[in-house]
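The values are calculated or read from the model by the stated rules, or taken from the named source; none is laboratory data. Nothing here was measured: the structure is a model prediction, and the numbers come from that model. Cβ sites come from the backbone with ideal geometry, for glycine too, and all protein chains shown count toward neighbours. Just the protein is used for accessible areas: all its heavy atoms, side chains included, with ligands, DNA and RNA removed. Shrake-Rupley method; radii C 1.70, N 1.55, O 1.52, S 1.80 Å.
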Amino acid sequence: MENDSQARFMREAIELAKKGTGRTNPNPLVGAVIVQQNQIIGQGFHHKYGDLHAERDALRDCLERGNDPSGATMFVTLEPCCHTGKQPPCVEAIVQAKIKKVVVGSRDPNPLVSGKGATFLREHGVEVEQDFFREECDALNFIFFHYITKGTPYVALKYAMTADGKIATVSGASKWISCQESRDFVHQLRAKYSCILCGIGTVLKDDPLLTCRIPGGRNPTRVICDSNLRIPLESNIVQTARDVPTIVACRDLTQAQDFMAKQKALRDLGVQIIQAGSDCVDLRLLLKALAERNLDSVLVEGGSQINFSFLEAGLANRLYCFVAPKIFGGAAPTPVGGRGVLEVADAFALATRDARRIGSDILIEYEFVGNNGNCSQAQNAAASFSQSKNSES
């Protein structure tokens, strides 16, 4: 099979994998294409968590079309699994179907797989070609790779700012800095990430819904950092908690009798409570608690203080920065507050992943260098939410 044809089939598998975005978490996005005589005879993808994996979905499609997969080549974006989870091992289905060759994009870092899938196939007479279009396939699952190797959710910050770096005017007005196309893209991000997180300051100021408002989109779990449980029972977040998964993270209030009634009222309305930290919300403890709930990723849509708190704690992995063609000037708020850094060498370092136009705006996508910056401040900072006067917690 010519390389150009191979590239076409793997690209098709990649596009299929993307169809599961936002529904497979904490599982990876995977697409598979079965090819015989240079023609696709079956294709599939992992539709949602708990459903058939891509390989079995493609084999099912192949049989439903009346095609015999024996002797065919399968293109799959991620190494086939060899263990039993929600579904049985895909390698067994591949062998039983008498697939001749499997072309693999990404290697699976899951210790339960990690090379074992390819080894099983080879031991059962299936030819395996690995690392084909690996970079493109790896890009599908940066969230999964982080979660499965680190055991903590992948954290992305998102903000929109003017060309002079402001997130509001001097009067505090902020709607709308970004264009409609950028706001639509943000809803795609909300569908992609398992959680959307903000501080109580954002809730008190804007009373947001924090839902995904695109056709067929999936609402993320809403997480509110609220150390002292100030969230109003009549807020949009609380009033819709029975319909949209909602977590309020607060400090340890087990000994605070005054808060018992508030906690009960919130729970009665469908809100889950996570107590993380003694004096304020400890972000590390919070992320650990989210991971234990199989929540693999967090999109932070808070204000300047919460952004700095994640940076200072060394917990941010990615940044989506929308730059609008506007200038506000004055002593207006900026995207990242906190106490800042003292020296240029202490800056939180970024690597540019992508930059593109969205409507009239520019979206710059960054990764934090060395997984959260290289400055000593990030290495040594306490992972807790500041209790300053302007804190959002």
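Straight Cα distances below 24 angstrom link K262 to the lysines K205, K389, with same-chain residues fewer than 8 positions distant left out. Checking the cross-link pairs K166/K192; K48/K192; K19/K48 against a 19 Å limit on the alpha carbon distance flags K166/K192 as lying beyond it.
Taking a straight Cα-Cα cut-off under 25 Å and skipping sequence neighbours fewer than 8 places away in the same chain, the lysines within cross-link reach of K98 are K86, K116. Taken along its principal axes, the alpha carbon cloud of the chain reaches lengths of 68, 47, 41 Å, longest axis first.
Take the chain and mark each of the chymotrypsin sites (Phe, Trp or Tyr not before Pro) that is in a DSSP loop with at most 14 other Cβ atoms within 10 Å; the longest unmarked stretch, sites excluded, is 177-393.
Ordering K100, K192 by accessible surface, largest first, gives K100, K192; the 1.4 Å probe counts only protein heavy atoms, with every chain in place. When the Gaussian network model of the chain links Cα atoms closer than 10 Å, the mean-square fluctuations of Q43, Q272, Q257 top out at Q257.
Could you work out the relative contact order of the stretch 1-78, using alpha carbon pairs under 8 angstrom and six or more residues apart, expressed as a whole percent?
On the way: 159 pairs, mean separation 24.1, N = 78.
Relative contact order for the stretch 1-78 comes out at 31 percent.
In the chain, the DSSP beta bridges split such that about 40 percent are antiparallel, to the nearest 5.
Placing unit charges on each Cβ (+1 for Lys and Arg, -1 for Asp and Glu) gives the chain a dipole about its Cα centre, and among Q257, S297, G115 the Cα reaching farthest toward its positive end belongs to Q257.
About the centre of its Cα atoms, the chain shows a dipole size close to 700 debye [charges on the beta carbon of Lys, Arg (+1) and Asp, Glu (-1) only; nearest 20 debye]. Helix screen, the chain: no DSSP H segment has Cα axial length of 24 Å or more and mean Kyte-Doolittle hydropathy at least 1.0. Listed by chain and number, the aspartates and glutamates placed with their C-alpha closer than 14 angstrom to that of K18 are E136, D138; residues fewer than eight positions away on the same chain are left out.
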